[in-house]
Amino acid sequence: MPDAKYAFISAYLKSAEAKTVTSDQISRLPKTASPQDVLEIIRGADIGRFLEEVPVKTFDDSDKYLWQYFGQRLEELEWLKLMPADMRKILNTYRVKYDVINIKAVLLGISTGKKASVIPAGAIYSRGLLDELSGAAKVSDVIQVLIECNLGVYASILKEYVAEEAKSRFLTEAKLDREYYQSLLNVPKGIRDGPLLAKAFSIIMDMMNLQLVTRAIIEGIGPEAGEFVISGGYIIPEAVARDLLSHKLTDIPGKLGGTQYRDIAEEVVASYSRTKSITAVEEVIDKHKFRLLREILSPRVMTPLMIVWYLIVKEVEIKNLRLVLKAAFDNIPVEEIKGYLVFS
């Protein structure tokens with residue numbers, strides 16, 4: 001029966017991957033595409049058919065429906081009775097990523113007095129408490145929701161959060177990220193192709209640490225962020241990541257020496273120098289993270305690694321379309337954002 005389950009889920013996931021938006025579709029967009037041009041060109045993809053059925057008048061509309069679509073895909077996976085137990089273990093751990101994203105969005109909303117925009121995915125969403133989370137007026141309300149959803153480890157982190165301090169927000173977000181990514185490292189133990197999955201997750205740790213280092217340096221926090229470095233990296237050990245925090249942003253590529261990450265760091269520095277945007281930096285890191293993970297995960301079939309690759313592919317599809325649709329709504333030529341798009 002286990003092999004039958006793997007055969008079923010392999011066919012299901014490969015079929016779903018084949019229906020994602022492709023680079024060829026995006027390349028056929030006119031130089032300055034309208035939102036309708038984008039929706040028309042992706043009609044053949046699964047997400048394109050979904051967007052045909054909803055009213056997309058503004059970028060906020062498109063953003064809401066893109067994440068709604070993603071949340072539905074995760075729900076479909078949760079409902080699959082033939083999913084192997086080790087794949088379900090990976091899914092249940094991985095999806096907490098969206099709880100962490102939502103927690104951070106709500107904390108920002110509390111500090112600014114604006115209602116948070118949350119993603120319909122994760123354990124809190126599955127428990128039907130996402131509206132309660134997004135409507136939280138104070139941190140204690142968030143903590144209560146987390147406790148109800150068996151996310152007490154994250155609730156304990158928030159007890160020291162100070163909403164009025166930007167530094168406190170940065171450090172709290174770093175603690176939340178560290179807790180989540182460390183939990184991933186426990187998943188590969190005892191499952192099929194566990195060593196390869198551990199390698200993939202360790203590369204994710206490297207990329208998250210590079211992002212932490214970059215953001216800490218840019219925001220002037222530096223070495224103080226050292227306690228939030230994620231252990232278990234593949235090429236960037238914890239000690240190296242901590243050391244990087246004491247240097248200037250322009251020093252980072254040289255400090256990574258002859259590793260394969262030097263080129264990534266150089267692109268990160270160039271991106272920030274050009275845009276002065278931490279978001280642009282994160283997009284560069286995400287692009288390279290996808291490339292590195294593709295080499296490990298994409299060729300694998302009949303293995304738990306397939307569920308991780310599928311989730312990453314769908315995440316990237318959403319991010320690509322958010323960038324493309326944002327450009328379309330803002331009348332920005334597609335060429336200007338193509339460098340941040342990633343395709344499998």
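If you go through region 174-196 one residue at a time, do you hit one that is over 22 Å from ARG294 (Cβ atoms), touching a residue at least 60 places away in the same chain (Cβ under 8 Å) and basic (Lys, Arg)? Checking region 174-196: not a single residue is over 22 Å from ARG294 (Cβ atoms), touching a residue at least 60 places away in the same chain (Cβ under 8 Å) and basic (Lys, Arg). Only one of the listed residues (LEU74, LEU80) is at pLDDT below 95 and in contact with a Lys or Arg (Cβ under 7 Å, 6 or more places away or on another chain). That residue is LEU74. Among residues of region 166-196 being closer than 25 Å to THR112 by Cα and aliphatic (A, V, I, L, M), the one that is surrounded by the fewest Cβ atoms within 10 Å (Cβ to Cβ) is ALA166.
For first residues located in region 243-262 and farther than 17 Å from ILE285 by Cα and among the small types (Gly, Ala, Ser), partners that are in a helix (DSSP H, G or I) and at pLDDT below 95 and lie 6+ apart or on another chain with Cβ distances below 7 Å form the pairs SER246/GLY222; SER246/PRO223. When region 52-68 is limited to residues that are within 17 Å of LYS314 (Cα to Cα) and crowded, with 20+ Cβ neighbours inside 10 Å, the one that is nearest to the chain's Cα centre (by Cα) turns out to be LEU66. Answer yes if at least one residue in region 164-177 is polar (S, T, N, Q), part of a helix (DSSP H, G or I) and under 21 Å from the mean Cα position of the chain (by Cα), and no otherwise. Within region 164-177 (the criterion being polar (S, T, N, Q), part of a helix (DSSP H, G or I) and under 21 Å from the mean Cα position of the chain (by Cα)), the answer is yes, since at least one residue qualifies. Residue count for region 103-128 satisfying the condition of being in contact (Cβ under 8 Å) with a residue 24 or more places away in the chain and part of a loop (DSSP other than H, G, I, E, B): 5. Out of ARG49, ARG88, one residue alone is free of Cβ contacts under 8 Å to residues at least 12 places away in the same chain, within 22 Å of the chain's Cα centre (by Cα), surrounded by fewer than 18 Cβ atoms within 10 Å (Cβ to Cβ) and more than 19 Å from LEU146 (Cβ to Cβ). It is ARG88. Against the conditions (1) part of a helix (DSSP H, G or I); (2) crowded, with 17+ Cβ neighbours inside 10 Å; (3) of a type outside the set (Phe, Trp, Tyr); (4) at pLDDT below 95, THR303 satisfies every one except (1).
The set of residues in region 234-253 that are crowded, with 21+ Cβ neighbours inside 10 Å and either modelled with pLDDT under 90 or among the β-branched types (Val, Ile, Thr) (or both) comprises ILE236, ILE252.
Okay, residues lined up against (1) assigned to a helix (DSSP H, G or I); (2) free of Cβ contacts under 8 Å to residues at least 24 places away in the same chain; (3) out of contact with any strand residue (DSSP E or B) (no Cβ under 6 Å at 6 or more places or on another chain); (4) within 16 Å of CYS149 (Cα to Cα):
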site	(1), (2), (3), (4)
ARG73	yes, no, yes, no
LEU77	yes, no, yes, no
THR93	yes, no, yes, yes
ILE101	yes, yes, yes, yes
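Those helices (runs of 4 or more DSSP H) of region 1-68 in which 1 or more residues are closer than 29 Å to ILE332 by Cβ and of a type in the set (Gly, Ala, Ser) occupy 23-27, 46-52. The set of residues from region 267-279 being surrounded by fewer than 16 Cβ atoms within 10 Å (Cβ to Cβ) and in a helix (DSSP H, G or I) comprises ALA270, SER273, ARG274, THR275, ILE278, THR279.
The values are calculated or read from the model by the stated rules, or taken from the named source; none is laboratory data. Because the structure is predicted, anything quoted here is derived from the model rather than measured. Virtual Cβ from ideal backbone geometry, glycine too; neighbours counted across all protein chains shown.
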